[in-house]
Amino acid sequence: MTTETANPAVLPVDVRRIFEMLPHRYPFLLVDRVIAFEPGKRLTAIKNVTVNEPYFQGHFPGNPVMPGVLILEALAQASGILVQLSAPSDPDANPLYYLVKIDKARFSKIVRPGDQLVLEVEQKRMVMRMGQFLCQAKVDGEVVASAEVLCAERGA
């Protein structure tokens, strides 16, 4: 996956704007900022991993490791932001997408406090309000996790 030049009219997308697009809040909002975006194609976001994250108290005491399932959740949230930013502007429409499937999940490195997780998502297809995304999480340019994610818009 490559990161395209960002549209300056849209970026940067900070946490205040992310609050408008996602229902997640602390401690479950796992995207801090969007740094690159190409409508309907790809998005790059960051998650700053800090020692203050509540899950580090039990995962694992004395050896803090970010749970892989939360890395996948961060990738799914980044995918949802891609859909929201790509949608035509309609103040009354704020569709909510749910994670419905994860395929080919792989974890290759440990993520620790102090790391900056770079979340790269690429929209593979969008059919009938369901989106399939190719996702990678990187730290210092190295892939730490990857997966294919399927998200579906919530029914009325």
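The values are calculated or read from the model by the stated rules, or taken from the named source; none is laboratory data. Every value quoted in this text rests on a predicted model; they were computed, and no experiment measured them. All Cβ positions, glycine included, derive from the backbone under ideal geometry; neighbour counts span all protein chains shown.
Brief remarks on what is shown
One line per residue, one yes/no per condition, for (1) closer than 19 Å to PRO27 by Cα; (2) of a type in the set (Asp, Glu); (3) in contact (Cβ under 8 Å) with a residue 24 or more places away in the chain:
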| site | (1), (2), (3) |
| --- | --- |
| THR50 | yes, no, yes |
| PRO61 | yes, no, no |
| VAL69 | yes, no, no |
| ASP103 | no, yes, yes |
| LYS124 | no, no, yes |
| CYS151 | no, no, yes |
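- The single condition from (1) in contact (Cβ under 8 Å) with a residue 24 or more places away in the chain; (2) over 17 Å from the mean Cα position of the chain (by Cα) that MET130 fails is (2).
- Highlighted here are the strands (runs of 3 or more DSSP E) found entirely within the range 72-156 that include at least 1 residues which are modelled with pLDDT of 95 or more and crowded, with 19+ Cβ neighbours inside 10 Å: 116-127, 130-139, 142-153.
- Residue match in the range 31-53 (condition: within 11 Å of the chain's Cα centre (by Cα) and assigned to a loop (DSSP other than H, G, I, E, B)): yes
- Residue identified as without any contact (Cβ under 8 Å) to a residue 40 or more places away in the chain, of a type in the set (A, V, I, L, M) and farther than 25 Å from ARG154 by Cα among ALA36, ALA87: ALA36
- Unmet requirement for ASN7, which otherwise passes all of (1) at pLDDT 90 or above; (2) loosely packed, with under 13 Cβ neighbours inside 10 Å; (3) touching an Asp or Glu at 6+ places or on another chain (Cβ under 9 Å): (1)
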